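Read through the structure below, which is laid out as structure tokens, and then see the notes.
The values are calculated or read from the model by the stated rules, or taken from the named source; none is laboratory data. Note that this is a predicted model, so its numbers are computed, not measured. Cβ placement follows ideal geometry from the backbone for every residue including glycine, while neighbour counts extend to all protein chains displayed.
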Ligand SMILES: [Ca+2]
Ligand SMILES: [Ca+2]
Ligand SMILES: [Ca+2]
Ligand SMILES: [Ca+2]
């Protein structure tokens with residue numbers, strides 16, 4: 001990509017300076033420099049409202065990159081250049097249990113494990129999120145019976161939940177006695193409204209709930225990890241945010257203490273990398289010695305560019321992508337675009353597979369409660385430049401659509417993204433024939449795939465350089481896996 005016209009403009013504003021960047025006449029980003037003068041230390045706020053973070057900075061250089069710079073990347077670049085991060089490998093002893101982090105990689109029951117998962121929130125049509133029925137969404141035997149074969153058909157090995165299940169029926173069914181098991185990242189919802197995270201008396205009830213939660217599920221063999229909160233980082237006030245991160249470390253410490261040497265990993269689930277990994281927010285590695293992994297709900301568009309490379313400089317904790325994908329509704333043309341959703345889900349997954357411990361796609365099935373009435377399938381959401389239609393339609397994110405089925409569980413119908421992601425999940429990198437290793441038979445397949453579009457088994461096994469085609473530039477990736485075991 002080459003630009004013909006690059007413009008940075010700025011103007012004085014109340015309390016600082018507005019800064020805009022345009023490429024080829026297209027607006028691409030905004031920053032606010034807070035302070036009296038650009039000759040003194042300023043507070044830099046990135047994103048229209050400081051959404052992507054801020055901190056003390058002295059601006060003496062504007063840097064232009066040969067790609068469409070996203071706000072998250074600008075923020076990461078700022079964090080790196082400002083030296084506000086202290087990556088430090090964990091000093092936790094390796095767990096003696098079935099789920100272990102060894103040298104930054106996940107190992108489950110003695111084998112390397114890549115999370116190939118789905119966010120699972122099967123709220124039935126007509127059920128609102130605060131109703132008693134919602135609390136039972138993980139406990140309906142008919143829904144479990146509907147979804148188990150569909151999750152296996154997706155070749156998922158993990159689901160991620162948002163609230164505690166009412167019992168262990170779902171986990172029992174998923175784990176299946178250890179035969180072709182599906183694991184669960186069990187989410188613990190952390191409220192933020194009205195909570196003072198700097199005050200132990202205010203957080204004591206949350207802590208007590210967490211102790212009960214851990215004690216209830218810690219011995220289940222289908223447990224993969226403890227998820228701490230969901231996107232609290234972008235919803236909480238700036239003053240509370242450092243205390244929130246430290247509270248998460250406290251919860252991680254509690255989980256480790258309750259479980260002992262055989263502990264399961266803990267993961268803070270953030271929106272993007274916002275405010276994560278920086279000393280300013282008490283979220284650097286040194287401040288969070290008990291947290292084992294970062295989770296990021298990461299909507300990185302078509303191309304994350306160097307997002308992952310930046311992130312590796314910010315924290316030494318392993319990264320799990322706890323949400324990714326796009327919705328299925330083309331808001332610009334008022335119709336579904338299943339092929340586009342599938343292409344984005346697959347492309348984002350290929351980056352995740354190479355740069356993180358894995359990911360859980362958002363999401364398993366549509367949720368009709370998010371806009372207007374839970375009995376109608378609505379189109380509300382928010383504008384976002386991460387999607388090709390410029391809009392997140394909140395009730396259309398499913399790999400599966402749902403339709404009403406009277407007294408029975410809603411009918412779940414796979415979209416194209418389900419089938420295409422199933423091919424991805426069935427193939428570990430390099431493992432064309434999906435037999436659990438990468439050997440000369442796979443290499444022969446690579447030679448046949450050369451020059452082909454990065455689709456189907458060719459794409460899922462061999463698209464190491466994500467550019468839509470299987471080419472010699474993908475070869476180093478294949479060679480890197482040759483004679484090595486494929487991951488689970
Ligand atoms: Ca609705
Ligand atoms: Ca959309
Ligand atoms: Ca193979
Ligand atoms: Ca390629």
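Total residues in region 395-409 satisfying the condition of being on the phi < 0 side of the Ramachandran plot and out of contact with any helix residue (DSSP H, G or I) (no Cβ under 8 Å at 6 or more places or on another chain): the figure is 10. For residues that are more than 16 Å from residue 351 (Cβ to Cβ) and assigned to a loop (DSSP other than H, G, I, E, B), scanning just region 454-474, find the one that is farthest from ligand 4 (Cβ to nearest atom). Selected residue: 455. Would you check which residues across region 334-350 are under 13 Å from residue 300 (Cβ atoms) and either in contact with a helix residue (DSSP H, G or I) (Cβ under 9 Å, 6 or more places away or on another chain) or part of a strand (DSSP E or B) (or both) and list them? Those that are under 13 Å from residue 300 (Cβ atoms) and either in contact with a helix residue (DSSP H, G or I) (Cβ under 9 Å, 6 or more places away or on another chain) or part of a strand (DSSP E or B) (or both): 344, 345, 349, 350.
Only one of the listed residues (89, 122, 93) is part of a loop (DSSP other than H, G, I, E, B), in contact with a strand residue (DSSP E or B) (Cβ under 8 Å, 6 or more places away or on another chain) and either buried (at least 22 other Cβ atoms within 10 Å of the Cβ) or not assigned by TED's automatic domain parsing to the domain that holds residue 373 (or both). That residue is 122.
Residues considered: 441, 422, 445, 417. Of these, the only one that is part of a helix (DSSP H, G or I) and within 16 Å of ligand 2 (Cβ to nearest atom) is 417.
Quick check on my filter: what residues within region 391-406 are surrounded by fewer than 17 Cβ atoms within 10 Å (Cβ to Cβ) and either touching a strand residue (DSSP E or B) at 6+ places or on another chain (Cβ under 6 Å) or not assigned by TED's automatic domain parsing to the domain that holds residue 334 (or both)? Before the answer, list the steps.
Of all residues in region 391-406, those surrounded by fewer than 17 Cβ atoms within 10 Å (Cβ to Cβ) come to 403-406.
403, 405, listed by residue number.
Selection of first residues in region 334-359 that are without any contact (Cβ under 8 Å) to a residue 12 or more places away in the chain and of second residues that are surrounded by fewer than 20 Cβ atoms within 10 Å (Cβ to Cβ), restricted to Cβ pairs under 8 Å at least 6 apart or on distinct chains, gives an empty result. Could we say that residue 165 is over 27 Å from residue 416 (Cα atoms) and at pLDDT 95 or above here? So residue 165 fits the description; yes. Number of residues in region 323-357 that are more than 17 Å from the chain's Cα centre (by Cα) and more than 21 Å from residue 414 (Cβ to Cβ): the value is 4.
Any chance region 418-441 includes a residue that's within 16 Å of ligand 4 (Cβ to nearest atom), farther than 16 Å from residue 350 by Cα and more than 28 Å from the chain's Cα centre (by Cα)? For region 418-441, residues within 16 Å of ligand 4 (Cβ to nearest atom), farther than 16 Å from residue 350 by Cα and more than 28 Å from the chain's Cα centre (by Cα): absent.
Listed here are the residues, each with its yes/no results for (1) in the same structural domain as residue 342 (by TED's automatic domain parsing); (2) in contact with a helix residue (DSSP H, G or I) (Cβ under 7 Å, 6 or more places away or on another chain).
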site: 416; (1), (2): yes, yes
site: 421; (1), (2): yes, yes
site: 434; (1), (2): no, yes
site: 444; (1), (2): no, no
site: 448; (1), (2): no, no
site: 452; (1), (2): no, yes
site: 458; (1), (2): no, yes
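Can you find a residue that is farther than 23 Å from residue 323 by Cβ and part of a loop (DSSP other than H, G, I, E, B) anywhere in region 206-213? Looking through region 206-213, none of the residues is farther than 23 Å from residue 323 by Cβ and part of a loop (DSSP other than H, G, I, E, B). Scanning region 366-390 for residues that are within 14 Å of ligand 1 (Cβ to nearest atom) and surrounded by 14 or more Cβ atoms within 10 Å (Cβ to Cβ) yields a total of 11.
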